[in-house]
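I have placed the structure first, in the form of structure tokens, so that the comments after it can refer back to it.
The values are calculated or read from the model by the stated rules, or taken from the named source; none is laboratory data. Everything quoted here is computed from the prediction, not taken from an experiment. Because the Cβ atoms are built from the backbone with ideal geometry, glycine has one as well, and the counts that use them run over all protein chains shown.
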Amino acid sequence: MRFGARLALAVIALAALATACGVPQGSGAQPHTAVDCGSYARYGKHPGTKVTVYAENRDREADLFEETWADFAHCTGIDVQYEGDGEFEAQIQLRVDGGSAPDVAFFPQPGLLERFARAGKLKPASAGVVALAKQGWSADWNSYATIDGTLYGTPLVANVKSFVWYSPRFFRDRGLSVPRTWSELMAVTEKVAASGVKPWCAGIESAEATGWPVTDWIEDVLLRQQGTDVYDRWTAHEIPFNDPRVIKAMDTVGSILKNDRYANGGFGPARSMASISFQEAGTPVLSGDCAMHRQASFYADMWPQGTEIGPDKDVYAFLLPGADPARRPVLGGGVFTAVFADRPEVRAYQEYLASADFANARMKKGPFVSANKGVDPANAATPVDRLSIQLLQDSRTQFRFDGSDLMPASVGAGTFWKGSVDWIGGAGTRQVADSVERSWPSR
Amino acid sequence: MPFDVVAQQPKLLYLLQGVAAFAAVVSLLLLALHRGRVRRRAAALLLLAPALLLLTVGLLLPGLRTLGLSFTGTGGDTWAGFDNYVWMVTDPGALVALRNTLAWVVLVPLLAASVGLLYAAAVVRSRLRVFALSLVLMPMAISFVGAGVVWKFVYAYRPAEAAQIGLLNQLAVAFGGEPRQWLVDSPWNILFLIVVMVWTQAGFAAVLLAGAISAVPGELTEAALLDGASRRQIFWRITMPSIRPTLLVVVLVQAIGTFKAFDIVKTMTGGQFGTGVIAHEMYDQAFRYGETGRGAALAVLLFVLVTPLVAHQLRARRRAA
């Protein structure tokens with residue numbers, strides 16, 4: 001049996017080596033000198049416990065999150081183990097099906113959250129979280145994480161998508177003023193086009209998500225032309241995807257994005273936007289090759305390093321106007337927390353994330369927008385973040401969630417994106433709308 | 001973080017248990033086999049048992065479950081009959097994936113084998129044979145994802161008035177053309193993706209075929225030369241028939257590999273612009289859209305398509321042995 005013994009020894013040695021190498025480099029607790037734990041007392045003490053968090057934020061965004069809850073972790077004794085994964089949307093299902101669901105997940109789409117809630121995988125929010133949700137967010141926001149009357153989580157991140165980025169200097173030099181209505185917007189567009197500059201730039205390349213900026217455009221315009229009611233019925237598929245009102249909104253967008261006179265500033269013909277990544281699409285605004293770039297508040301992070309943001313700086317943003325300046329339709333997106341485990345430490349952590357304290361602390365660390373009513377716009381890291389928070393807190397604002405995130409994933413993250421790409425490539429509006437409508441799951 | 005033995009105790013315990021179980025199984029096997037006069041059949045069964053168990057757990061059961069899932073609706077909990085299979089042959093998106101997979105499976109083996117054969121025939125008698133073959137084999141050392149990223153740069157698009165960053169568009173501009181969106185313009189973009197696969201696989205074909213060509217007996221070609229055959233005649237009448245089995249293996253292996261093509265599409269276009277293939281569509285449906293049934297049906301289709309090729313290859317190998 002000498003051979004067997006030797007083999008076993010070799011296996012042990014190899015396995016020991018492998019596990020030693022594979023020891024995860026823990027998040028490395030920050031050295032804590034003096035933390036005032038008084039404000040964390042309400043979350044209780046949970047020494048020796050662990051909460052695993054799974055989300056798509058990586059690198060700097062992940063670091064800022066971890067720095068924000070470091071004090072919470074220190075004071076409650078909970079070891080928060082965060083894992084960021086760019087493939088979150090596909091991998092979360094594998095994790096859950098494979099029986100290794102995280103304790104907490106940050107869902108970037110309500111549709112995805114709903115899928116796991118309906119499958120009975122998510123735990124309903126605790127009474128504490130429900131109370132915080134009622135106190136912190138509008139009924140609209142809470143409705144996105146409410147399935148069949150049960151609340152599952154709270155919004156963590158919010159972003160405003162209806163911004164048009166522009167260069168204040170470019171506008172000043174040409175005597176243009178920020179448009180307050182749709183017709184003023186089109187007047188500015190025409191004026192810039194007449195001067196030989198393509199007024200709009202856009203980029204829709206985003207790997208398998210290619211096309212999403214176009215879907216945002218269409219949703220934004222539909223919301224402005226038809227109002228919230230039609231928009232809600234459209235995302236819920238109570239009216240067909242190819243309703244004449246939607247076709248009209250698409251054609252309005254097409255008159256800008258599919259028009260070689262108006263787009264694609266700095267990048268060539270309109271259809272070049274399929275090759276331009278959304279991250280780099282706004283850069284011609286800086287060089288004056290393009291006047292306006294419609295993109296979300298998070299585009300603030302994508303300007304080249306050193307770009308200053310502000311009403312009299314390099315770039316700034318205005319709200320995409322509607323027909324009536326008194327109405328303020330705002331399209332946006334958000335990330336929601338939800339839990340797969342019911343342990344007290346998990347509950348404590350979810351309650352902390354649902355508090356305005358967390359949002360305010362996170363905002364002080366860097367760019368971040370929360371729709372929580374308790375956040376102080378003064379804590380915002382950038383002027384556009386501040387503008388976003390003011391818009392979200394303004395009672396005149398009619399906030400609506402990004403429609404493609406509300407639709408079934410096979411449409412909202414599938415055929416609608418793909419259709420938009422075909423549409424930019426030259427396919428007809430009706431043909432694309434019909435094919436998206438046909439792809440809607442019948443259940 | 002230093003390796004903390006105390007903190008890692010549960011893991012070490014698991015490890016210990018695993019090793020103990022493994023040692024026990026191996027010892028039992030060795031014991032049984034060393035006890036002399038053991039019936040051969042029992043011994044064979046005992047030896048086969050671990051492999052059979054692993055095959056059942058790792059291949060057979062998941063395969064059956066996939067088959068079952070392919071008859072269910074979203075989420076995999078409602079019976080859907082043949083709906084998913086009907087969807088597969090009626091949905092425009094799925095049909096595009098089927099069409100593209102057909103193009104891939106026909107073109108990749110054909111191109112990889114032809115390029116490999118031409119290259120092998122050109123360098124096989126050369127003094128730089130080894131060097132030339134290692135050169136063409138090198139792309140094979142690059143992962144498909146790596147190759148996809150590299151070629152994405154080659155095809156990168158910039159407007160005519162800006163500086164080009166993509167090799168192909170730079171060439172197009174240098175020869176007085178217009179920069180084009182190679183990966184966007186359907187249906188030619190499929191060919192540009194196929195080129196990447198051929199680039200990584202041609203070396204494999206070249207090396208195998210070079211080996212086969214040099215194994216053709218010298219007497220045969222010599223005799224043909226004496227009979228007055230031309231170079232071309234020798235290639236088509238002597239070399240080609242002799243290397244036919246190898247050529248067939250190359251084509252079949254490529255075809256099987258191509259059915260699974262996923263990485264290149266995923267990294268380069270994400271299945272956009274009408275470039276989806278079955279394997280990628282399967283991933284999208286099952287994991288991105290949560291349409292497990294449709295994903296499973298596509299997996300079953302893939303299995304059915306690959307099976308004859310695998311069977312043929314196995315039979316050919318058995319015949320050769």
A:Leu151 within 30 Å of B:Arg288 (Cα to Cα), among the aliphatic types (A, V, I, L, M) and within 14 Å of chain B (Cβ to nearest Cβ) = no
Of all the residues that make up the range A:66-110, how many are within 15 Å of A:His46 (Cβ to Cβ) and either more than 14 Å from every other protein chain (Cβ to nearest Cβ) or crowded, with 19+ Cβ neighbours inside 10 Å (or both)?
-> 12
Give just the number: which of (1) of a type outside the set (Val, Ile, Thr); (2) in contact with a strand residue (DSSP E or B) (Cβ under 8 Å, 6 or more places away or on another chain); (3) surrounded by 16 or more Cβ atoms within 10 Å (Cβ to Cβ) does A:Asp140 not satisfy?
-> (3)
Across the range A:374-430, what is the number of residues that are closer than 18 Å to A:Val246 by Cβ and of a type in the set (Val, Ile, Thr)?
-> 5
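Does the range B:91-98 include one or more residues that are away from chain A (no Cβ under 13 Å) and exposed (fewer than 14 other Cβ atoms within 10 Å of the Cβ)? Please lay out each step first, then the result.
Applying the first criterion (away from chain A (no Cβ under 13 Å)) to the range B:91-98 yields B:98.
When the remaining residues are screened for being exposed (fewer than 14 other Cβ atoms within 10 Å of the Cβ), the result is none.
No, the range B:91-98 has no match at all.
Any idea how many residues of the range A:97-110 are under 13 Å from the mean Cα position of the chain (by Cα) and outside any loop (DSSP other than H, G, I, E, B)?
Selection size over the range A:97-110: 3.
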Residues that are over 29 Å from the mean Cα position of the chain (by Cα): which helices (runs of 4 or more DSSP H) entirely in the range B:129-207 hold 2 or more of them?
-> B:167-174
Filter pass, A:Ala10 being under 30 Å from B:Val26 (Cα atoms), modelled with pLDDT under 90 and not β-branched (Val, Ile, Thr) = yes
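Here is a yes/no grid of residues against (1) more than 30 Å from A:Pro311 (Cβ to Cβ); (2) in contact with a Lys or Arg (Cβ under 9 Å, 6 or more places away or on another chain):
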{"residue": "A:Thr76", "(1), (2)": "yes, yes"}
{"residue": "A:Gly84", "(1), (2)": "yes, yes"}
{"residue": "A:Phe107", "(1), (2)": "yes, no"}
{"residue": "A:Arg118", "(1), (2)": "yes, no"}
{"residue": "A:Leu122", "(1), (2)": "yes, no"}
{"residue": "A:Gly136", "(1), (2)": "no, yes"}
{"residue": "A:Ala139", "(1), (2)": "yes, no"}
{"residue": "A:Gly153", "(1), (2)": "yes, no"}
Listed by first then second residue, the pairs whose first member lies in the range A:273-286 and is within 10 Å of another protein chain (Cβ to nearest Cβ) and farther than 16 Å from A:Val197 by Cα, whose partner is buried (at least 18 other Cβ atoms within 10 Å of the Cβ) and charged (D, E, K, R), with beta carbons under 7 Å and at least 6 positions apart or on separate chains, are A:Ala274/A:Glu205; A:Ser275/A:Glu205; A:Ile276/A:Glu205
Consider A:Lys373 carefully, then state whether it is among the basic types (Lys, Arg), without any contact (Cβ under 8 Å) to a residue 24 or more places away in the chain and assigned by TED's automatic domain parsing to the domain that holds A:Gly84.
-> no
Which fully enclosed helices (runs of 4 or more DSSP H) of the range A:327-443 have 3 or more residues being within 14 Å of chain B (Cβ to nearest Cβ)?
-> A:416-424, A:429-439
Filter the range B:99-121 for residues that are in contact with a helix residue (DSSP H, G or I) (Cβ under 8 Å, 6 or more places away or on another chain) and surrounded by fewer than 21 Cβ atoms within 10 Å (Cβ to Cβ) and give the result.
-> B:Ala103, B:Leu107, B:Leu110, B:Leu111, B:Val115, B:Ala121
So, of the residues in the range B:64-90 that are touching a Ser or Thr at 6+ places or on another chain (Cβ under 6 Å) and hydrophobic (A, V, I, L, M, F, W, C), which turns out to be farthest from the other protein chains (Cβ to nearest Cβ)?
-> B:Leu69
Does the range B:296-305 include one or more residues that are at pLDDT below 90 and within 14 Å of chain A (Cβ to nearest Cβ)?
-> no
Only one of (1) farther than 29 Å from A:Asp71 by Cβ; (2) aliphatic (A, V, I, L, M); (3) in contact with a Ser or Thr (Cβ under 8 Å, 6 or more places away or on another chain) fails for A:Ala361. Which number is that?
-> (1)
Filter the range B:229-277 for residues that are exposed (fewer than 15 other Cβ atoms within 10 Å of the Cβ) and more than 18 Å from B:Leu110 (Cα to Cα); which is nearest to the other protein chains (Cβ to nearest Cβ)?
-> B:Arg232
Quick one: which residue in A:Val130, A:Val96 is in the same structural domain as A:Pro47 (by TED's automatic domain parsing), closer than 28 Å to A:Leu392 by Cα and among the β-branched types (Val, Ile, Thr)?
-> A:Val130
Would you pick out the residues in the range A:375-392 that are surrounded by 16 or more Cβ atoms within 10 Å (Cβ to Cβ) and closer than 26 Å to A:Thr146 by Cα?
-> A:Val375, A:Ser388, A:Ile389, A:Leu391, A:Leu392
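Matching residues to (1) in contact with a Ser or Thr (Cβ under 9 Å, 6 or more places away or on another chain); (2) in the same structural domain as B:Gly295 (by TED's automatic domain parsing); (3) free of Cβ contacts under 8 Å to residues at least 24 places away in the same chain; (4) of a type in the set (Lys, Arg):
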site	(1), (2), (3), (4)
B:Ser242	no, yes, no, no
B:Leu247	no, yes, no, no
B:Gly270	yes, yes, yes, no
B:Ile278	yes, yes, no, no
Among A:Lys248, A:Lys258, which is more than 23 Å from the chain's Cα centre (by Cα), of a type in the set (Lys, Arg) and farther than 22 Å from B:Tyr157 by Cβ?
-> A:Lys248
